[in-house]
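This report concerns only the one structure given below.
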Amino acid sequence: MEDKTTKTKVDEIKSTAKKKAAEIKKETVKKAKAAKQEAVKIAENTAESTVEMAKTAKKGAAKIAESTAESTVEMAKSAKKAVARVRKPTTKIFLQYYGKEISQEELSNRVLAQFKEMYEDVQAKKLEIYLKPEDNAAYYVINSEYTGKIDL
């Protein structure tokens, strides 16, 4: 009975995680498209500015070169800021319960260490961890094939 409940919970967690991942991916794609459009606009503005500067170059080549350099630096900074806005933030996850705390990184390291002890020749390419604080344990699946459990 508990196995069905656990499997149902695991399936719910997987489903929720997949939905969240899809939402994050969709949002990232939207932001990337917006950044690309902004970069295209900057490039068009740069091209227009360059044509105008070339016409003025006959009057003072040195002055135009300096102005172009400053303009290009500013546009590059703007483009860099637009790209920076698209990046996903660094995420750290901590599980806290009954006065204990464990980070996602520590949990992953412990799981992988245990896995390497058992399967030295197998490389872990995909890692899924299911936390179950009521059992004081984390269950894992590696490469959709190998399963195990570690105590929290």
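Throughout, read-outs are computed from the coordinates displayed, never taken from laboratory work. Since this is a predicted model, take the numbers as computed values, not measurements. Neighbour counts are summed over all protein chains in view; Cβ atoms, including those assigned to glycine, are modelled from backbone coordinates with ideal geometry.
Here the dipole of the stretch 94-151 is about 100 debye; that uses its Cα centre as origin and unit charges on the Cβ of Lys and Arg (positive) and Asp and Glu (negative).
Label zone (Lys25, point 7 Å along Cα-to-C-beta; backbone nitrogen cut-off 11 Å) within the stretch 120-152: none. Positive contributions from Lys and Arg (+1) and negative ones from Asp and Glu (-1), summed over other residues with Cβ under 12 Å from the Cβ of Lys100, come out at -3. Dividing the convex hull volume of the alpha carbon atoms of the stretch 82-152 by its residue count gives 116 Å³ per residue.
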